[in-house]
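Chemist: Dumping the structure here so I can ask a few things about it.
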Amino acid sequence: MLKRLTTDNEPQWLRLLGLALALLLIASKIHMQSLERVLEPIVVLLGFFSMYRYGSDIKLKIPMLLLAASILIPLLSWTLVHFAEPDWARPSPQLEKLARLFVFIPLAWWLKNSSRHIFIFWGLAALTVLASPWISGHGLAEIERGLNGARIGFNLRNAQHTSLFFGLVLVGLVVFAPRLFKWQKLTMLLWLPALALTISAIIGAQTRASWLALVATALVCALVFVWSLAKGKMQIQKRWLALGAFAIITIGITLQHTAWPVVKNRLANSGDNKVALQILSGEFDNIPYNSWGVRANTWIGAAQHIAERPLTGWGGTGQSISIRRSAWLPEYIRNGFGHLHNIYLALLVNYGIIGFGFYLVWVGWILKSLLNATRQQPDIGYFAIGTFTFWSVISLAESYLFFWTGVFCIQTLFAGFLAFTWLNPAREDNTCTNPVSG
């Protein structure tokens, strides 16, 4: 049996190899998925080996227990459904559905040696999103169509997933702008067009849930900011406040004259508005099958199935089971839809209260650990709070957690978050400090 050593004993060549593979993997996940399928098992196996061999001084117990739970919960759910409802259970338990999210653990291992590595990792992921219009979409022509009222998506599955990607990038661009400015003022020459592109993509994708998520993100971050200032937990230079206010006003005026007609037209969808009012008033009978009506009716079917198996759910295909088993749904809905457009209902119908509780514990643990580890770098905390708020709200309208797009986002974000909790401050230099708190 190999003796367990500390991170100081990890060979430099292994660190560099693992880091290079991790960066290549994250750069390939959106547009080079054939390469990703080759790289991911190598990164994972090499990472777990290195963690075992050289991780005796790293807190690995909780992430490894969570990884084990991500395998055991689907297994338990499938086993119980297999005996209780054999006609609806799949031949195999699909253990990878939750476990694949935890690829962020070996990725974090390769990033843990420097915050510079974490930002390069996040930056590469953002670049693959920002390059999407020209790699998988139709470039500036598609962006222009979006600003003229057409719904666009750059072939990133569909417009909802495009909104998820660009929304998270937008949060990062805004939160880390002061850090970028202090690091190199010339980066603003790239930051401004990147900001314009993300806003244009989010408007053009016309996903109302993403607009709501951005509003919620801004409100939550503003409340945390005001609370931190009031408690004296954070200081900010007046020039950043003035610059931020100027930027908000400028962007607001620009959007009012360019994008507001698109937003207004999208929000004026009377059919969906009527469905929303009908649901809010508690009238669940005879909901029409338009965009939000389909969601509402499948959610009613999911609630009925959650009530049947509340503790452990229906297994990895619970979403499609709840739709196909709801005989009152139209046949074209039962045959044409396989997911619920809501990660919370998806978790409950797939894995029950146990699975939903697991999600809350897992996300709560990573956020708490990160905030405790980065108290001297508040912009990282704001990025975590902002991205989690955006993710939580936009996920009310899509089951992102069970698509490759959501998996990519979780792996990317959580790899960086966990790496920050493992970071050894002694390895850091003053080029990685936070400019906002000074």
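Chemist: Which condition number in (1) surrounded by fewer than 23 Cβ atoms within 10 Å (Cβ to Cβ); (2) of a type outside the set (S, T, N, Q); (3) more than 15 Å from the chain's Cα centre (by Cα) is the one that Phe154 fails?
Modeler: Phe154 satisfies every listed condition except (1).
Chemist: Taking into account only those residues within region 6-31 that are in contact with a Ser or Thr (Cβ under 9 Å, 6 or more places away or on another chain) and farther than 17 Å from Leu423 by Cα, which is surrounded by the most Cβ atoms within 10 Å (Cβ to Cβ)?
Modeler: Ile26
Chemist: Can you give me the number of residues within region 248-271 that are in contact (Cβ under 8 Å) with a residue 60 or more places away in the chain and more than 21 Å from Gly146 (Cα to Cα)?
Modeler: Summing the residues that are in contact (Cβ under 8 Å) with a residue 60 or more places away in the chain and more than 21 Å from Gly146 (Cα to Cα) in region 248-271 gives 0.
Chemist: Can I ask one more? Just to be sure I understand the filter: pairs with C-beta atoms under 8 Å, separated by 6 or more residues or on different chains, first member in region 31-45 and touching a residue at least 40 places away in the same chain (Cβ under 8 Å) and not assigned by TED's automatic domain parsing to the domain that holds Leu14, second member surrounded by 14 or more Cβ atoms within 10 Å (Cβ to Cβ) and part of a helix (DSSP H, G or I). Which pairs pass?
Modeler: none
Chemist: Out of curiosity, is Ser77 touching a Ser or Thr at 6+ places or on another chain (Cβ under 6 Å) and crowded, with 21+ Cβ neighbours inside 10 Å?
Modeler: When the stated conditions are applied, Ser77 passes them.
Chemist: Just the residues that are touching a residue at least 60 places away in the same chain (Cβ under 8 Å) and either buried (at least 19 other Cβ atoms within 10 Å of the Cβ) or out of contact with any Phe, Trp or Tyr (no Cβ under 6 Å at 6 or more places or on another chain) (or both), please, taken from region 51-61.
Modeler: Of everything in region 51-61, just one residue is touching a residue at least 60 places away in the same chain (Cβ under 8 Å) and either buried (at least 19 other Cβ atoms within 10 Å of the Cβ) or out of contact with any Phe, Trp or Tyr (no Cβ under 6 Å at 6 or more places or on another chain) (or both), namely Lys59.
Chemist: Let me ask something else. Say whether the condition of being surrounded by fewer than 19 Cβ atoms within 10 Å (Cβ to Cβ), touching a helix residue (DSSP H, G or I) at 6+ places or on another chain (Cβ under 8 Å) and either among the charged types (D, E, K, R) or in a loop (DSSP other than H, G, I, E, B) (or both) is met by at least one residue in region 403-411.
Modeler: yes
Chemist: For region 68-115, give me the residue count where each residue is over 24 Å from Trp404 (Cα atoms), of a type in the set (D, E, K, R) and out of contact with any helix residue (DSSP H, G or I) (no Cβ under 6 Å at 6 or more places or on another chain).
Modeler: Residues meeting the conditions: 2.
Chemist: Filter region 157-171 down to residues that are surrounded by fewer than 23 Cβ atoms within 10 Å (Cβ to Cβ) and of a type in the set (Gly, Ala, Ser), then give me how many there are.
Modeler: 1
Chemist: Also, quick follow-up: For Ile343, which of the numbered conditions (1) free of Cβ contacts under 8 Å to residues at least 60 places away in the same chain; (2) closer than 24 Å to Val407 by Cβ; (3) in contact with a helix residue (DSSP H, G or I) (Cβ under 8 Å, 6 or more places away or on another chain) fails to hold?
Modeler: Condition not satisfied by Ile343: (1).
Chemist: Another question about this same structure. Report yes if Ala245 is surrounded by fewer than 18 Cβ atoms within 10 Å (Cβ to Cβ), without any contact (Cβ under 8 Å) to a residue 60 or more places away in the chain and at negative phi, otherwise no.
Modeler: Yes; evaluated as a whole, the condition is true for this residue.
The values are calculated or read from the model by the stated rules, or taken from the named source; none is laboratory data. Being a predicted model, the structure only gives us computed values, none of them experimental. Cβ coordinates were reconstructed from backbone atoms using ideal geometry, including for glycine residues, and neighbour counts include every protein chain displayed.
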